[in-house]
Amino acid sequence: MSKRTIVTMPGDGVGKVVLPEAIRILDAVGFEADYVHADIGWEFWCKEGNPLPQRTLDLLHEHRLGLFGAITSKPKAEAAKELSSELQGKGYVYYSPIVGLRQHFDLYICMRPCKTFKGNPLNFIRKGKARTIEEPDVNVVIFRQNTEGLYSGVEWTNPPDDVYAALNTHPKMKKFAFSPKEELAISCRIFSKHYTERIIRAAFEHAKKFSYKSVTVCEKPNVIRETSGMMLAIGKEVAEEYPGIEFWNTNIDAQMMWLTKNPEDYGVIVAGNMFGDIVSDGFAGLVGGLGFACSANIGDEVAIFEPTHGSAPKYENLNPSIVNPIAMILSTCMMLDHIGKTEKAIKIRNAITKVIEEGSVQAYDMLKLRGCQEVLDQGAASTTEMTDEIIKNL
């Protein structure tokens, strides 16, 4: 069987640091592949006015599998200022390349597992009865609708006259009549029945395959009645096809409060784009934070795997690097699962589990140290040393 070709997109900041570490792990576990570099990120926005060049899209169309590091995104005005001088004032508008990838390839599933590792000093703990300390076993998978909602990009500052006229047909717009049109900024939250049903069904199928007891729709239907209401209604319909799985629904605000009350009770959670982003970061905080937060962006033809931490550019040039590579490595495990190399993914996860449980080698975040070069003198492992220890335990 021929080798797979993986499109590697380090991106910005620490993405350039952690992605090579993940490839070291893949080599060590015996996964044979060819890796082709692809350009993405802030450098190409500044030089070309496009952080997601067509040549990168072409590579993903061809090979259909990608590993992504991290991206730097800045607000509209700040991004425009950093364009090269010859591109200034020519109408270029920055748009997040990872969001662009999701929409271009219809990567409608964003899957984010949040699972505790035994012995991780960053695991959430709480007070129990009689002043005991409890450390709940969290094992949650968030299914986030990846291409619609507030991330759809349908928005305006100073909306065009036809858009403004259409909006004003809604009676609720009367409350904004005080504002001049040019001072309005409008973002649309759009859900479609087909895509909403698709993500909910994917969540139930995952729960069925991996024996989760419940699927929870996490939205806000009591206030956002149309879009959240659609997701809740479709969730109830799809749930009838899975009688062995309990169907729950929570409001996003209440869910964030309950994170620290009973996180171990939840299994699979499904939400729209914005609320899925919020709740996945909340659960990630219970299992070690962004150094352990992995994710997959999956469509019918293309899949891209990435840690959910940002680019953290202040850490990029530290030598040796201090960044925790585990989130990137776990994202790589998700890629192996996706292509049927589950036995290799299990080996890597078991090695990570052993390293964390033994506790002799820990990244700076696991030691609860402030990120700086001096943490290496305080007992923190470098990025390379963390990877070396995982490889040793494969």
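No value in this document is a laboratory result; all are computed from the given coordinates. Everything quoted here is computed from the prediction, not taken from an experiment. Here Cβ is always computed from backbone atoms with ideal geometry, including for glycine, and neighbour counts include all displayed protein chains.
In a Debye calculation with equal point scatterers on the alpha-carbon sites of the chain and no solvent, what is log10 I(q)/I(0) at q = 0.08, 0.09, 0.10 Å⁻¹?
-0.46, -0.58, -0.72
Run the reach check for K127 against lysines, Cα to Cα strictly under 24 Å, same-chain hits fewer than 8 apart removed. What comes back?
Within reach: K115, K118, K261, K368.
Can you tell me which of P313, P51, P75 moves the most in a GNM of the chain? Springs connect C-alpha atoms under 10 Å apart.
P75
Determine the distance separating the Cα centre of region 181-221 from the Cα centre of region 50-129; give it in Å without decimals.
Between the Cα centres of region 181-221 and region 50-129 lies a distance of 20 Å.
How high is the relative contact order of region 314-394, in percent, counting Cα pairs under 8 Å that sit 6 or more residues apart?
Values: 88 pairs, mean separation 33.7, N = 81.
Rounded, it is 42 percent for region 314-394.
Between D265 and K174, what is 0.36 nm times their sequence separation minus the Cα-Cα distance? Round to one decimal in nm.
Values: separation 91, 0.36 × 91 = 32.76 nm, distance 4.36 nm.
Net length gain for the segment: 28.4 nm.
Given the chain, what percent of its DSSP beta bridges are antiparallel, to the nearest 5? Don't skip to the answer; put the middle values down first.
Details: 22 of 47 bridges.
Just about 45 percent of them are antiparallel.
Using 0.36 nm per residue, how much length does the chain from Q378 to S2 gain when fully extended, once their Cα-Cα distance is taken away? Numbers along the way, then the final one.
Numbers: separation 376, 0.36 × 376 = 135.36 nm, distance 4.60 nm.
Going from the current span to full extension adds 130.8 nm.
Taking region 147-197, which chymotrypsin sites (Phe, Trp or Tyr not before Pro) meet the DSSP loop condition and have no more than 10 other C-beta atoms within 10 Å?
Working: sites: Y151, W156, Y164, F176, F178, F191, Y195; in loops: F178, F191.
Here the chymotrypsin sites (Phe, Trp or Tyr not before Pro) that fit, given the DSSP loop and packing criteria, are F178.
With the cut-off at 1.5 for a/c, could you classify region 273-394 from its C-alpha gyration tensor as rounded, prolate or oblate? Let's see the in-between values first.
Details: a/c = 1.91, a/b = 1.32, b/c = 1.44.
Oblate, because a/c is 1.5 or more while a/b does not exceed b/c.
Determine, for each peptide in 338-347, 274-283, 370-379, 322-331, the mean count of other beta carbons within 10 angstrom over its residues, then list the peptides with the highest first.
Highest-to-lowest ranking by the protection proxy: 322-331, 274-283, 338-347, 370-379.
Hey, with R₀ at 30 Å, roughly what FRET efficiency would K213 and E237 work out to, going by the Cβ-Cβ distance, to 0.05?
Using R0 = 30 Å, I get an efficiency of 0.90.
Tell me which GluC sites (Glu not before Pro) from region 31-110 have a DSSP coil assignment and no more than 14 other beta carbons within 10 Å of their own. Don't jump to the answer; show the numbers that get you there.
Values: sites: E32, E43, E48, E62, E78, E82, E86; in loops: E32, E82.
Of the GluC sites (Glu not before Pro), the ones in loops of region 31-110 whose Cβ has at most 14 other Cβ atoms within 10 Å are E32, E82.
For A166 and K76, compute 0.36 nm times the residue count separating them, minus their Cα-Cα distance, and round to one decimal in nm. Provide the component values of the computation, followed by the final result.
Details: separation 90, 0.36 × 90 = 32.40 nm, distance 2.56 nm.
Length difference between fully extended and current span is 29.8 nm.
May I ask you to evaluate 6.51 cos²θ - 1.76 cosθ + 1.60, the Karplus curve with θ = phi - 60°, for each residue of region 317-325 and list the ³J(HN,Hα) values in order in whole Hz, giving x for glycine and proline?
Using θ = phi - 60°, the values come out as 9, 5, 9, x, 6, 10, 5, 6, x Hz.
Holding the Cα-Cα limit at 21 Å, pick out from K74/K314; K208/K347; K347/K392; K47/K76; K16/K47; K47/K81 the pairs that are longer than that. Please report the intermediate quantities before stating the final value.
Working: K74/K314 15 Å; K208/K347 24 Å; K347/K392 12 Å; K47/K76 16 Å; K16/K47 18 Å; K47/K81 12 Å.
Where the Cα-Cα span goes over 21 Å, the pairs concerned are K208/K347.
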